[in-house]
Amino acid sequence: AQRLVRDNLIQSATWYHEQAGKTLDEANARDDEELRAQARDRYALAAQTYAEFIRKNPNDKDFYQWTFYLAETLFYAQQYEEAFAQYKVVRELDIDGDEFRKVQNEAGFNAVKALEEVLTVKIASGEMPGYVLPGSSEQPPEPPSPEDDGSTKLTFEPRAMPPMLGQFVTSLDRYVVL
């Protein structure tokens with residue numbers, strides 16, 4: 001009976017995931033924001049179901065795959081911080097095998113993309129300056145200019161790196177070594 005419950009739960013999660021993808025494809029083809037919102041809701045439902053499966057089956061042989069799918073559905077549900085956390089789980093696993101390495105590499109890359117989305121939201125809300133993201137047109141503040149005679153010492157005030165930016169840099173570094 002427990003095997004049947006397990007199989008039904010993962011089948012439900014993958015079905016919700018598939019339906020969300022079809023809805024998003026249709027939304028993009030029609031350029032329909034209402035359908036995109038429905039797709040996000042369906043991705044969120046798939047994520048809840050994957051999370052429940054993982055909670056009930058933490059030692060499943062395909063744990064890494066289900067966790068990766070959880071991260072993907074969270075990402076497409078626009079729950080970027082939660083997606084990052086799940087991508088990070090997969091990125092940090094130590095499992096042998098070419099299939100896993102491929103998924104791990106994708107998780108490493110997608111962890112960076114999830115944090116880019118988080119930073120983009122924080123920049124748009126004014127919580128963080130735009131120059132923290134590579135490629136931004138916003139420039140950091142100009143340092144003070146020295147006096148023409150060169151006798152003035154320049155003093156710079158250190159600024160703390162926002163924790164999310166530190167995670168972004170670490171994620172870039174981790175992706176490079178995968």
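The values are calculated or read from the model by the stated rules, or taken from the named source; none is laboratory data. In this text the structure is predicted, and so the values were computed from the model without any measurement. Don't worry about glycine lacking a Cβ; one is built from the backbone with ideal geometry, like all the others, and counts go over all protein chains shown.
Assorted remarks:
- Taking residues in the stretch 21-49 that are touching a residue at least 40 places away in the same chain (Cβ under 8 Å) and surrounded by 18 or more Cβ atoms within 10 Å (Cβ to Cβ), and partners anywhere that are of a type in the set (S, T, N, Q) and part of a helix (DSSP H, G or I), the pairs with Cβ atoms closer than 6 Å and at least 6 places apart or on different chains are Thr49/Ser12.
Okay, residues lined up against (1) over 27 Å from Arg6 (Cα atoms); (2) among the acidic types (Asp, Glu); (3) out of contact with any His (no Cβ under 9 Å at 6 or more places or on another chain):
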{"position": "Asn57", "(1), (2), (3)": "no, no, yes"}
{"position": "Tyr87", "(1), (2), (3)": "no, no, yes"}
{"position": "Asp94", "(1), (2), (3)": "no, yes, yes"}
{"position": "Lys102", "(1), (2), (3)": "no, no, yes"}
{"position": "Phe109", "(1), (2), (3)": "yes, no, yes"}
{"position": "Glu116", "(1), (2), (3)": "yes, yes, yes"}
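- When the stretch 133-178 is limited to residues that are more than 29 Å from the chain's Cα centre (by Cα) and among the polar types (S, T, N, Q), the one that is modelled with the lowest pLDDT turns out to be Ser151.
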